[in-house]
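Structure first, commentary second.
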Amino acid sequence: MDSIIVNGGKELSGVIPIAGAKNACLTLMPATLLSEEPLTLTNAPRLSDIKTMTQLLESLGAEVTSMQDGQVQAMSCHGAINHVAEYDIVRKMRASNLVLGPLLAREGQAVVSLPGGCAIGARPMDIHTNGLEAMGATIELKDGYLHAKAPMGGLKGAVIDFPFASVGATENIMMAATLAKGTTVINNAAREPEIVDLADCLRKMGAQIEGDGSPSITIQGVDRLHGATHPVVTDRIELGTYMLAPAIAGGEVELLGGRINLIEAFCEKLDTAGISVTETERGLKVARKNGRLSAVDVVTEPFPGFPTDLQAQMMALLCTAEGTSVLEEKIFENRFMHAPELIRMGANIEVNGGTATVHGVNRLKGAPVMATDLRASVSLILAGLAAEGETRVSRVYHLDRGYEQVVRKFSGVDAQIERIKDE
Ligand code: EPZ
């Protein structure tokens with residue numbers, strides 16, 4: 001296993017290119033199951049999760065060719081389809097559940113392993129399955145697998161009211177509805193940029209979709225979808241993560257490909273904390289306005305609210321802000337596991353259920369710490385950039401799932417960082 005060593009206290013300067021979005025690519029790739037013609041994704045991120053999705057799609061009968069050093073994924077699914085998504089692949093990555101809707105729409109049946117819980121929460125799939133049942137599917141849980149069958153003649157359009165704006169359920173139902181008979185309306189749908197990116201791609205494939213990005217999406221089913229080429233949208237979570245680097249360590253960094261409208265709620269909090277964010281021709285420039293950071297309160301919410309996937313990174317920033325910040329995690333029930341690790345670095349944090357109170361300290365101190373999930377791992381690296389001395393982050397395999405070339409990107413702006421093999 002590898003660890004990452006960070007020596008803090010150095011101001012940063014330079015540029016960081018932002019990749020295509022993991023969470024867009026992971027829902028765009030299963031869309032290839034909806035057509036017999038090729039779907040090509042450009043600007044794809046180079047991540048272990050993308051490799052896992054490739055493995056899954058190949059196990060279902062798709063051909064996936066990775067080109068241009070992994071930034072282009074050419075996929076096609078014209079042959080026979082295997083409609084069983086095996087536990088051994090699904091357990092590695094929850095987003096595997098995004099093949100359920102497309103398989104059901106294309107094949108009329110799907111057997112998909114239930115992902116089970118993960119470090120940040122129980123994460124059930126009831127909103128996905130209730131939505132598909134409203135479209136006429138029958139779904140049964142047997143031996144840890146969801147066995148889903150469409151009615152004769154295929155899925156039917158339906159009006160579906162989500163109890164919560166689930167990202168994954170919106171994506172699964174939207175994909176399933178593209179080939180259903182009639183019209184589907186998803187009310188209280190998720191509005192994330194990744195949803196809009198998926199809808200854009202599906203429209204290029206011939207789907208009829210309106211309202212994506214708003215709380216109500218309407219999909220008019222069609223008989224078949226054709227091939228397309230689609231660029232993956234910029235990764236707003238990778239963007240937000242790297243925007244915090246100069247905020248935490250000082251200096252100035254430009255993020256190539258960044259846009260404020262992808263993360264407005266986050267930029268508003270940075271402004272309150274004393275961070276300036278300016279748009280440039282190529283992206284965003286980030287620096288502190290002046291000396292010390294100010295405390296800020298944060299509540300995570302579905303888009304356009306503050307993204308839960310930037311909560312851990314924001315906590316790392318607020319550890320050395322002047323005053324007390326209160327962070328409320330409203331999306332996942334167990335997403336403060338980075339707090340005890342930051343406390344090991346001298347932070348002053350109290351966690352009480354879904355609320356964390358961060359009392360700013362003057363300085364963090366380097367220490368050996370352990371990554372527990374994807375976003376927690378990068379928050380520890382960010383904290384290490386500001387800490388005195390050496391921070392050693394272990395279990396960084398979590399990081400590879402969602403951040404490409406992380407050591408190269410940080411050292412490209414003068415951070416003192418290296419990756420080592422553990423003895
Ligand atoms: C997506 O997960 C992202 N993953 C997550 O990013 C992100 O944190 C999350 O959306 C919220 O923004 C991908 O896109 C691959 P949800 P998803 O369905 O789709 C509950 C990262 O770090 N819920 O919106 O699984 C659920 O338990 C990852 O990149 C139900 O109760 O999120 C959770 O508490 C982590 N029943 C909440 O809703 C359901 O059927 C949000 O889940 C579905 C969800």
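The values are calculated or read from the model by the stated rules, or taken from the named source; none is laboratory data. What you are looking at is a predicted structure, and each value in this text was computed from that prediction instead of being measured. Note that each Cβ is placed from the backbone with ideal geometry, even for glycine, and that neighbours are counted across all protein chains shown.
Summary table below
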| read-out | value |
| --- | --- |
| Extreme residue, farthest from the ligand (Cβ to nearest atom), among residues of the stretch 14-37 that are outside any helix (DSSP H, G or I), closer than 19 Å to GLY70 by Cα and not β-branched (Val, Ile, Thr) | PRO17 |
| Breaking point among (1) in contact with a strand residue (DSSP E or B) (Cβ under 9 Å, 6 or more places away or on another chain); (2) among the charged types (D, E, K, R); (3) under 24 Å from PRO124 (Cα atoms), for GLU194 | (1) |
| In the stretch 168-187, residue surrounded by the fewest Cβ atoms within 10 Å (Cβ to Cβ) [restricted to those that are more than 16 Å from the ligand (Cβ to nearest atom) and not in a helix (DSSP H, G or I)] | GLY182 |
| Lone qualifier among THR40, THR52 - being of a type in the set (S, T, N, Q), out of contact with any helix residue (DSSP H, G or I) (no Cβ under 8 Å at 6 or more places or on another chain) and at pLDDT 95 or above | THR40 |
| Hits in the stretch 358-416 (condition: farther than 17 Å from MET345 by Cβ, part of a loop (DSSP other than H, G, I, E, B) and either of a type outside the set (A, V, I, L, M) or within 16 Å of the ligand (Cβ to nearest atom) (or both)) | ASP373, ARG401, GLY402, TYR403, GLU404, GLN405, GLY412, ASP414 |
| Single unsatisfied condition, THR40 versus (1) crowded, with 23+ Cβ neighbours inside 10 Å; (2) in a strand (DSSP E or B) | (1) |
| Boolean, GLY323 is among the small types (Gly, Ala, Ser), away from the ligand (no atom under 13 Å from the Cβ) and at pLDDT below 95 | no |
| Residue count, the stretch 259-288 (criterion: surrounded by fewer than 19 Cβ atoms within 10 Å (Cβ to Cβ), among the basic types (Lys, Arg) and within 25 Å of VAL196 (Cα to Cα)) | 2 |
| Filter result for ALA339 (in contact with an Asp or Glu (Cβ under 9 Å, 6 or more places away or on another chain) and within 14 Å of the ligand (Cβ to nearest atom)) | no |
| So LEU270, is it more than 16 Å from the ligand (Cβ to nearest atom) and part of a strand (DSSP E or B) | no |
| Test set (1) under 20 Å from the mean Cα position of the chain (by Cα); (2) assigned to a strand (DSSP E or B); (3) of a type in the set (Val, Ile, Thr) - THR229 fails condition number | (1) |
| Residue list for the stretch 124-167, restricted to those being touching a strand residue (DSSP E or B) at 6+ places or on another chain (Cβ under 6 Å), within 24 Å of GLY213 (Cβ to Cβ) and surrounded by fewer than 15 Cβ atoms within 10 Å (Cβ to Cβ) | VAL159, ASP161 |
| In the stretch 310-334, residue farthest from ARG236 (Cα to Cα) [restricted to those that are in contact with a Gly (Cβ under 8 Å, 6 or more places away or on another chain), buried (at least 24 other Cβ atoms within 10 Å of the Cβ) and in contact (Cβ under 8 Å) with a residue 40 or more places away in the chain] | CYS319 |
| Residue that is farthest from the ligand (Cβ to nearest atom) [pool: residues in the stretch 188-226 that are outside any strand (DSSP E or B) and acidic (Asp, Glu)] | ASP223 |
| Where a residue in the stretch 278-296 is in contact (Cβ under 8 Å) with a residue 60 or more places away in the chain and under 26 Å from THR357 (Cα atoms) and its partner, wherever it lies, is assigned to a loop (DSSP other than H, G, I, E, B) and of a type in the set (A, V, I, L, M), with Cβ under 9 Å and at least six apart | LEU293/ALA321; ALA295/ALA321 |
| Test: residue in the stretch 224-233 that is touching a Leu at 6+ places or on another chain (Cβ under 9 Å) and closer than 15 Å to MET314 by Cβ | no |
| Residue that is nearest to the ligand (Cβ to nearest atom) [pool: residues in the stretch 86-96 that are under 21 Å from the mean Cα position of the chain (by Cα) and in a helix (DSSP H, G or I)] | ALA95 |
| Residues that are away from the ligand (no atom under 16 Å from the Cβ) and either among the basic types (Lys, Arg) or within 30 Å of MET337 (Cβ to Cβ) (or both), drawn from the stretch 97-150 | ARG106, LYS142, GLY144, TYR145, LYS149 |
| Given (1) under 30 Å from ALA249 (Cβ atoms); (2) at pLDDT below 95; (3) within 19 Å of the chain's Cα centre (by Cα), index of the condition ASP69 fails | (3) |
| Only listed residue being more than 17 Å from the chain's Cα centre (by Cα), closer than 30 Å to ALA371 by Cα and charged (D, E, K, R), chosen from ASP126, ASP200, ASP161, ASP212 | ASP126 |
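Here is a yes/no grid of residues against (1) touching a Ser or Thr at 6+ places or on another chain (Cβ under 7 Å); (2) under 23 Å from MET75 (Cα atoms):
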| residue | (1), (2) |
| --- | --- |
| ALA158 | yes, no |
| PHE162 | no, no |
| ALA176 | no, yes |
| THR183 | yes, no |
| ASN188 | no, no |
| MET205 | yes, yes |
| GLN208 | no, yes |
| PRO215 | no, no |
| ILE219 | yes, no |
